[in-house]
1. Just how large is the dipole of region 21-159 about the Cα centre, in debye to the nearest 20, putting +1 at every Lys and Arg Cβ and -1 at every Asp and Glu Cβ?
2. Kirkwood Rh, Cα Rg: Rg to Rh for region 54-110?
3. For a protection proxy built on the mean count of beta-carbon atoms within 10 angstrom, sort 43-55, 120-132 highest first, please.
4. Explain nothing, just compute: Karplus ³J(HN,Hα) = 6.51 cos²θ - 1.76 cosθ + 1.60, θ = phi - 60°, for every residue of region 127-133 in order, whole Hz, x for Gly and Pro.
5. Which one, A129, I77, S42, projects farthest toward the positive side of the charge dipole computed for the chain from Cβ point charges (K/R +1, D/E -1)?
6. Once amide H atoms are placed 1.01 Å from N in the peptide plane, what residues at a sequence separation of 5 or more from L12, or on another chain, have their amide H within under 5 Å of its amide H?
7. Using only the Cα atoms of region 1-139, construct the convex hull and provide its projected area averaged over every direction, in square nanometres to one decimal.
8. Could you please state how large a percent of the accessible area of the chain is carbon and sulfur, counting protein chains only and using a 1.4 Å probe?
Amino acid sequence: MKGVFIGLGSNLADPIAQIESAILALNDVDEVTVVSRSSLYSSPPMGPQDQPDYINAVVEVDTTLFAHKLLDALQEIEQQQGRVRERHWGERTIDLDLLVYGNNTLDDERLNVPHPGIAERAFVLYPLAEIAADLKIPTLGNIEQLLEACPRDGLERME
């Protein structure tokens, strides 16, 4: 499967190292190959404001894994990197989100693809556009149009 995009975010325990480690771990998953990655971006927290800013990135992978198996692999990487869910939209060592899974849409108790909220999140859209400028996101449309309606809200490219 081509056109699979994963969002990464961290704001604890050396966030840049957490992102880099997660990308390496993704590439080590059987049947997953990282084919491109965005720059790193810094963004203010979306949830509670009493937490550090986030470091975000997006990677594109090729995979033969079904979406739910890929989700399992993402959650395993999160656990290996010490992810603890203490509060909604709270701080975390690593967050891996399946953003787009080719031209597929999924909506069940475990997984919604395209990721809900993708169109309103600058920390997802801008890195995604950097590596997939012509992407058409199922049910949402062209990424260029989505960017026009999504202010940067403090998002800064780091590299």
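The values are calculated or read from the model by the stated rules, or taken from the named source; none is laboratory data. Everything numeric here is computed off the predicted structure, so don't read it as measured data. Positions of Cβ are backbone-derived with ideal geometry, glycine not excepted, and every protein chain shown enters the neighbour counts. Ligands, DNA and RNA are stripped out before the accessible areas are found, and what is left, the full protein with its side chains, is counted by its heavy atoms. Shrake-Rupley method; radii C 1.70, N 1.55, O 1.52, S 1.80 Å.
1. So the magnitude is around 120 debye.
2. 0.96
3. Result, highest mean first: 120-132, 43-55.
4. x, 5, 5, 4, 9, 8, 4
5. So the residue we want is A129.
6. For L12, whose amide H was placed from the backbone, the distant partners under 5 Å are R92.
7. For the Cα atoms of region 1-139, the hull's average projected area reads 7.6 nm².
8. C and S fraction of accessible area: 49 percent.
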